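Since the structure comes first, as structure tokens, the remarks are kept for the end.
The values are calculated or read from the model by the stated rules, or taken from the named source; none is laboratory data. Treat the numbers as computed from the prediction; the structure is a model and nothing was measured. Using ideal geometry, Cβ is built from the backbone for each residue, glycine included, and neighbour counts are taken over all protein chains shown.
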Amino acid sequence: MLFDDTYKEIKNKTSGIYRERGSKFISHAFRIYSEDEAKLKLNEIKKSEPSANHYCYAYVLHPDKSNYRMNDDGEPQSTAGKQIFKQIQKFQLTNILIVVIRYFGGTKLGIPGLIRSYSTATLLALEDAKIIIKNIEEKYQVNFKYTEMNKVMKIMKEHGLQILKKEFTSNCKLIFLVPKNKSAIILKKIKENHKLTISYL
């Protein structure tokens, strides 16, 4: 489980353009939820900008930011992907992919110039993004007899909990999501009824 109760995502796709000594850096920020989605977006960029020299990127996934990757795509090590990643960290974002493509302008920028360019291009895209804060949600399962149905459904309704799965037989089961900041209250409420059994998934 995580220590934070919330995490941040961008709401909308955004772009930015930065120019330095003839080179043009175009950044694209996307909200994503999987590695496959990241690959798909990257391929879309490559198809729409086929003559770019580099397609550098970084992504971060999951509320705990546990899955991340950065890629320099032929630029000197740590001058591109790492700079994009640092800006994502600075804004404390997750579920995000940022691709910065470069059109080479004929003049080498050197390590400091590349770091500045990829960092600034990323910053321009993020400054244009609307950032939303989401609650971290935990998944629970409650088991109960059919006779306890009304009591369980009342708790769900009172606290506006999202039900993911329900089985209503003689032995009933509900799988639902609880915002992390409400979990202690919900657990206490359910455990007060000794006829209900709850488990964390």
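Is at least one residue of region 127-146 in contact with a Gly (Cβ under 9 Å, 6 or more places away or on another chain), within 30 Å of residue 61 (Cα to Cα) and part of a loop (DSSP other than H, G, I, E, B)?
yes
Return the only residue of 1, 70 being at pLDDT 95 or above, over 13 Å from the mean Cα position of the chain (by Cα) and more than 14 Å from residue 121 (Cβ to Cβ).
70
For region 158-201: of the residues being without any contact (Cβ under 8 Å) to a residue 60 or more places away in the chain and basic (Lys, Arg), which is nearest to residue 143 (Cα to Cα)?
173
I'd like to verify a number: residues in region 158-201 that are within 28 Å of residue 6 (Cβ to Cβ) and acidic (Asp, Glu), how many?
The number of residues fulfilling the criteria is 2.
Name the residue, out of 62, 54, that is modelled with pLDDT of 95 or more and in the same structural domain as residue 125 (by TED's automatic domain parsing).
The unique qualifying residue is 54.
Mind listing whichever residues of region 79-126 are under 15 Å from residue 16 (Cα atoms), among the aromatic types (Phe, Trp, Tyr) and part of a helix (DSSP H, G or I)?
118
For region 183-197, does any single residue satisfy the condition of being surrounded by 12 or more Cβ atoms within 10 Å (Cβ to Cβ), acidic (Asp, Glu) and not in a strand (DSSP E or B)?
no
Restricting to region 118-172, give me the number of residues that are loosely packed, with under 13 Cβ neighbours inside 10 Å, within 25 Å of residue 11 (Cβ to Cβ) and either touching a helix residue (DSSP H, G or I) at 6+ places or on another chain (Cβ under 7 Å) or of a type in the set (S, T, N, Q) (or both).
Counting residues in region 118-172 that are loosely packed, with under 13 Cβ neighbours inside 10 Å, within 25 Å of residue 11 (Cβ to Cβ) and either touching a helix residue (DSSP H, G or I) at 6+ places or on another chain (Cβ under 7 Å) or of a type in the set (S, T, N, Q) (or both) gives 1.
For residue 18, state whether it is within 16 Å of residue 125 (Cα to Cα), among the aromatic types (Phe, Trp, Tyr), assigned to a strand (DSSP E or B) and touching a residue at least 40 places away in the same chain (Cβ under 8 Å).
So residue 18 fits the description; yes.
Here's a check for you: in region 4-15, which residue that is assigned to a strand (DSSP E or B) and farther than 30 Å from residue 107 by Cβ is farthest from the chain's Cα centre (by Cα)?
Only one residue fits best here, namely 6.
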